Every structure is written in structure tokens, then in C-alpha cells.
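Here the structure comes first, spelled out in C-alpha cells, and everything after it is commentary.
The values are calculated or read from the model by the stated rules, or taken from the named source; none is laboratory data. Note that the structure is predicted; figures quoted are calculated from it, not measured. Every residue, glycine as well, gets a Cβ built from its backbone with ideal geometry; the counts of neighbours run over all protein chains shown.
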Amino acid sequence: NAGVTQTPKFRILKIGQSMTLQCTQDMNHNYMYWYRQDPGMGLKLIYYSVGAGITDKGEVPNGYNVSRSTTEDFPLRLELAAPSQTSVYFCASSYNRDRVANQPQHFGDGTRLSIL
Amino acid sequence: GEDVEQSLFLSVREGDSSVINCTYTDSSSTYLYWYKQEPGAGLQLLTYIFSNMDMKQDQRLTVLLNKKDKHLSLRIADTQTGDSAIYFCAEKAAGGGNKLTFGTGTQLKVEL
């Protein structure tokens, strides 16, 4: 079982470049999430999606865009890369059903992004 | 907003017990989670506890929850070198989106 797969694993960008971080899951999870992890800061939620065609902002959405055209895929787009976006990015997914309160999130291995 | 805090480092000897602590501020938390992150990897769910419980045991792991003080702890018995990792606590508040608020993570170092 692949679970949550993120590509690429590493990337170096120049300031002002754009790129898309890919995330796909094969667990038929309806909810998906993007986080960034900075040293000593824990994980901060960037965007999340509760199903295909639906996305919503998290805690730190500025400078990012997302789309959710299929259940499996949830790409994260950086349009104008800035040094402040140097971070490790994690995608996660969960299967949420009505009246089922505990819905743990499953994480990918991360994308390490440096912007110089 | 919600806030979750952890100490940054913990060092223990192999075979001893480790206790990792976490405090949170959101009184509407429904579930609290412990995740483990090994170097270069994503977060792996270790265990969780529902907010109406005060203890949960799962093999070498014991989770204690003091809801009055909003304090959560993870005890690892017989700590091994393979337990060296960063441990995150996370709380899920009531409401939609299944959103989690994560702590800063505690780096556990197990020494021989």
C-alpha cells in the first residue's frame, strides 16, 4: 500500500520561480491537508480540502494555492517563491464520515524545499 | 486561538522510561494524538486518546490525560535507541474540517 505519496522529495528554487508540489493518496480518503514544518515551530496548516472541488484556507495560506479536481490528488502551488517559503512540506489525508469522531491523519514523507 | 506546547528536548538512557509532556489551551478538544517523526520521514501516528478518558495503554506506550489542567503525557517504557525521534502531540477541536493543532515537537535522544 503506497498511502500518501509526495513528489519531489527535494527541490531548490530561485526567488520568483514557481512550482507545484504533488500529493496523491490511494486510500480513498476524502479529506486532504497541506502543512509546512519549520524548525522548532511544529506543523502549520496551509490549506485543506474536505472533498473533490472543495478547498479552504488553513492558518498560513498566503503565497500558496491549491486545487482538488480528483479525490486522489491535492497539488500545492507556489507562484512566486520567496525565501520565507523555505521549509519542509507535508501532505496528509484522512477518511471522515458522519458520526465517526476519530479520524487520524496519515502523512506523506515530505518535500524539502529551499528557495535561494 | 488554540495553542499546544511541548518542551524541545529530552534525553534518556536506554532501558529507562521516557515521559514526554504536552499542554494545550483549547477546552473543546475532542481527541489528542501522539505522532512520531523519524529523521527524513513523515509523521507516524503512535496513539490517541479521547477527551473523556484519562488513561490509555498500548504495549510500551501509556498516555495520561488531565483534562482539568489541559495536560497530556506520553510514557514510553523500556526506551530503546529506535525510539529516538521527534514526538508531536496534536489536538483536534470540536467542529468541522478535522483540523489538528500540533505542538512544536519534543526531540527524544536515547543514549546507551
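Within region A:70-82, does at least one residue satisfy the condition of being closer than 18 Å to B:L45 by Cβ and either surrounded by 18 or more Cβ atoms within 10 Å (Cβ to Cβ) or in contact (Cβ under 8 Å) with a residue 24 or more places away in the chain (or both)? Spell out the reasoning first.
The first filter runs over region A:70-82 and keeps only residues closer than 18 Å to B:L45 by Cβ, leaving none.
No, region A:70-82 has no match at all.
Just one of the numbered conditions (1) under 30 Å from A:I54 (Cβ atoms); (2) surrounded by fewer than 21 Cβ atoms within 10 Å (Cβ to Cβ) is not true of B:F88; which one?
(2)
Looking only at region B:30-49, count every residue that is at pLDDT 90 or above and either at the interface with chain A (Cβ under 7 Å from one of its Cβ atoms) or closer than 30 Å to A:F10 by Cβ (or both) and tell me the total.
The qualifying residues number 11.
Could you identify the single residue in A:G108, A:G42 that is more than 12 Å from the chain's Cα centre (by Cα) and either at pLDDT 95 or above or within 14 Å of chain B (Cβ to nearest Cβ) (or both)?
Working: A:G108 fails: more than 12 Å from the chain's Cα centre (by Cα).
The conditions single out A:G42.
Scanning region A:60-116 for residues that are aliphatic (A, V, I, L, M) and out of contact with any strand residue (DSSP E or B) (no Cβ under 7 Å at 6 or more places or on another chain), which turns out nearest to B:T101 (Cα to Cα)?
Among residues in region A:60-116 that are aliphatic (A, V, I, L, M) and out of contact with any strand residue (DSSP E or B) (no Cβ under 7 Å at 6 or more places or on another chain), the one nearest to B:T101 (Cα to Cα) is A:V100.
In region B:82-96, is there at least one residue being of a type in the set (D, E), within 12 Å of chain A (Cβ to nearest Cβ) and in a strand (DSSP E or B)?
There is at least one residue in region B:82-96 that is of a type in the set (D, E), within 12 Å of chain A (Cβ to nearest Cβ) and in a strand (DSSP E or B).
Do you know which of the residues in region B:32-61 that are in a strand (DSSP E or B) and in contact with a Ser or Thr (Cβ under 8 Å, 6 or more places away or on another chain) is surrounded by the most Cβ atoms within 10 Å (Cβ to Cβ)?
Result: B:L32.
Mind checking which residues of region B:1-15 are more than 20 Å from A:G42 (Cβ to Cβ) and surrounded by 13 or more Cβ atoms within 10 Å (Cβ to Cβ)?
B:V12, B:E14
Condition test on B:K68, is it in a strand (DSSP E or B), more than 11 Å from chain A (Cβ to nearest Cβ) and surrounded by fewer than 17 Cβ atoms within 10 Å (Cβ to Cβ)? It would help to see each step written out before you state the result.
Details: in a strand (DSSP E or B): no; more than 11 Å from chain A (Cβ to nearest Cβ): yes; surrounded by fewer than 17 Cβ atoms within 10 Å (Cβ to Cβ): yes.
In short, no.
Return yes or no: is A:R36 over 17 Å from A:S94 (Cα atoms), within 14 Å of chain B (Cβ to nearest Cβ), at pLDDT 95 or above and surrounded by 15 or more Cβ atoms within 10 Å (Cβ to Cβ)?
yes
Starting from residues that are surrounded by 14 or more Cβ atoms within 10 Å (Cβ to Cβ), out of contact with any Phe, Trp or Tyr (no Cβ under 7 Å at 6 or more places or on another chain) and not aliphatic (A, V, I, L, M), keep the ones in region A:39-64 and report whichever is nearest to A:A92 (Cα to Cα).
Going through the qualifying residues, I end up with A:E59.
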